[in-house]
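Note sheet for the following structure.
The values are calculated or read from the model by the stated rules, or taken from the named source; none is laboratory data. Please read all numbers here as calculations on a predicted model, not as lab measurements. Backbone-built Cβ (ideal geometry, glycine too); neighbour counts: all protein chains shown. Side chains included, ligands, DNA and RNA excluded: accessible areas come from the protein's heavy atoms. Shrake-Rupley method; radii C 1.70, N 1.55, O 1.52, S 1.80 Å.
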Amino acid sequence: MNNSSKYQKIASGIFITASALLLAGCPSVASVIPSFLPSLVPSVNYNTLSLTNPNQIQCYPGGWFSSEYCAIPINRFVAISSHYASPYESNQLINFTSQYQSFVFDRLDESQILESLNVVFIKQYPSADKFAKLPTAVQSLYIKMKEEYIGSHQFQKQMETYIYLYALSTIDYANQICSESANSISAPDSQQRALYKVFSMMFTNDVLHHVALNVTGKYKNEVELYNKVYDAIIDLNPYQLANMAQMTYSNVYNNKPRMIESDFYTTGTSFGEIGSFSCNTSGTMWQRFGYPYFGSNVAGLPYYVNFINKDNFSKYDDDEIPVQ
C-alpha cells in the first residue's frame with residue numbers, strides 16, 4: 001500500500017469515528033481574532049510523517065467523505081499558541097517575586113496585594129490589537145475585571161481572575177525557550193528562574209492532562225480550537241488551580257539540588273525523583289529515567305485535538321492569464 005492510500009484510509013477511519021463527536025457540545029465562537037499570520041500550525045509533508053513521534057503534527061488529505069484536517073497534540077498546540085493567550089509581555093512569576101519576595105500563588109488572597117495588582121492591571125491594559133488576539137474567555141475576564149470587579153471592590157472575583165491570569169502566564173513561561181544571555185544571570189536569580197521553569201513545566205503538564213479530554217473532537221479551524229482550549233482552562237476551579245500551583249512549587253523546591261549552576265541552561269540539572277530539566281536556545285527538556293518525558297519545547301501529554309485544514313490553493317481560478 002502506498003503512502004497516499006495509507007493516509008487516506010487513516011483519514012477516513014478517524015473521520016468516521018470522530019464524526020459522532022463532531023463539534024458535540026462545542027460553542028459557536030464568533031472570534032474577534034482576524035487571523036493568525038502565519039498559521040499557528042506549520043505545513044506538513046504527508047510523506048515524511050512519523051506516526052510514532054508523540055510531538056508530531058499529523059495532517060490528513062481530504063477524501064470523498066472527509067475534509068482535510070490536522071491532528072496535533074494539545075501540548076504542542078499550546079506550546080505554539082500560549083504566547084497569544086498570555087496578556088503579559090514578561091515572566092510574571094519573576095516580576096512578582098522581585099517586588100514582593102514571595103511566590104505569587106501564596107499571596108493572592110491578600111487585599112493589599114490585590115489593590116497593588118489592580119493599579120498595574122489598569123496601567124497595562126492590553127491595546128486593541130493585543131486584546132483581539134487573546135482567547136475570548138480571557139477577553140471576558142479582562143472586561144469584567146475592568147468594568148465590575150475593581151470598581152466595586154469585589155476582592156474575591158479579583159483573586160479568582162488573577163489566579164487565571166497568572167496560570168496562563170505560567171503556561172506561557174513553560175513553553176518559552178531560554179536565551180543565550182541566561183548564563184550571565186546572577187546566581188540567585190538564575191536559581192529562581194530554574195525553579196520557576198521546572199515548576200511551570202510540571203504545572204502546565206497537570207493542567208493540560210486534566211483539560212485534554214474535554215476538548216477532543218474536530219474544530220472548524222485553528223481559531224475555534226484555540227478558543228476552546230483556553231476556555232477549558234479558564235473554566236477550571238480557580239482554587240484548585242491555586243492549591244495545585246502551591247503544592248507543585250513546594251515539590252520542586254523540596255527536590256531542588258543544593259546548587260543550580262549554569263549547566264541548567266545546557267546539559268540540565270537533576271531535581272531528584274521528579275527528573276532532570278534543561279533549558280536552552282533549542283527548547284526545554286524534561287527527562288525521567290534517562291528518556292525525554294515530553295520532547296523539546298513542549299510541556300504536556302500527547303492527547304490529540306483536531307481541526308479542519310482547508311486547501312486554500314484549490315479554490316482559485318486556474319484559467320490561463322493572457323499577456324497584455
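With outside any loop (DSSP other than H, G, I, E, B), surrounded by 13 or more Cβ atoms within 10 Å (Cβ to Cβ) and modelled with pLDDT under 90 as the only criterion, which of 26, 59 stands out?
Matching residue, one of 26, 59: 59.
Please go through the range 207-247 and give me each residue that is closer than 20 Å to residue 105 by Cα and of a type in the set (A, V, I, L, M, F, W, C), ordered by number.
207, 208, 233, 234, 236, 241, 242, 244, 245, 247
Anything in the range 125-142 that is open to solvent by 70 Å² or more (accessible area, probe 1.4 Å) and not charged (D, E, K, R)? List them, or say none.
Scanning the range 125-142 gives a single hit, 128.
Select from the range 219-274 the residues that are basic (Lys, Arg) and touching a residue at least 12 places away in the same chain (Cβ under 8 Å) and list them in ascending order.
220, 228, 256
Could you please find all residues in the range 212-227 being touching a strand residue (DSSP E or B) at 6+ places or on another chain (Cβ under 6 Å) and either at pLDDT below 85 or open to solvent by less than 10 Å² (accessible area, probe 1.4 Å) (or both)?
215, 218, 219, 225
Take residue 93 and tell me if it is modelled with pLDDT under 95, assigned to a helix (DSSP H, G or I), open to solvent by less than 30 Å² (accessible area, probe 1.4 Å) and at negative phi.
Values: modelled with pLDDT under 95: yes; assigned to a helix (DSSP H, G or I): yes; open to solvent by less than 30 Å² (accessible area, probe 1.4 Å): yes; at negative phi: yes.
It is true that residue 93 is modelled with pLDDT under 95, assigned to a helix (DSSP H, G or I), open to solvent by less than 30 Å² (accessible area, probe 1.4 Å) and at negative phi.
Determine which single condition residue 183 fails, assuming it passes every other condition in (1) surrounded by fewer than 18 Cβ atoms within 10 Å (Cβ to Cβ); (2) at pLDDT 90 or above; (3) in contact with a Phe, Trp or Tyr (Cβ under 8 Å, 6 or more places away or on another chain); (4) among the polar types (S, T, N, Q).
If we test residue 183 against (1) surrounded by fewer than 18 Cβ atoms within 10 Å (Cβ to Cβ); (2) at pLDDT 90 or above; (3) in contact with a Phe, Trp or Tyr (Cβ under 8 Å, 6 or more places away or on another chain); (4) among the polar types (S, T, N, Q), just (2) comes out false.
Under 6 Å by Cβ, and 6 or more places apart or on different chains, what pairs join a residue from the range 278-291 that is within 16 Å of residue 257 (Cβ to Cβ) with one that is open to solvent by 40 Å² or more (accessible area, probe 1.4 Å) and not in a strand (DSSP E or B)?
286/293
Kindly provide the set of residues from the range 196-218 that are touching a residue at least 60 places away in the same chain (Cβ under 8 Å) and either in a strand (DSSP E or B) or charged (D, E, K, R) (or both), ordered by number.
Residues satisfying the conditions are 197, 218.
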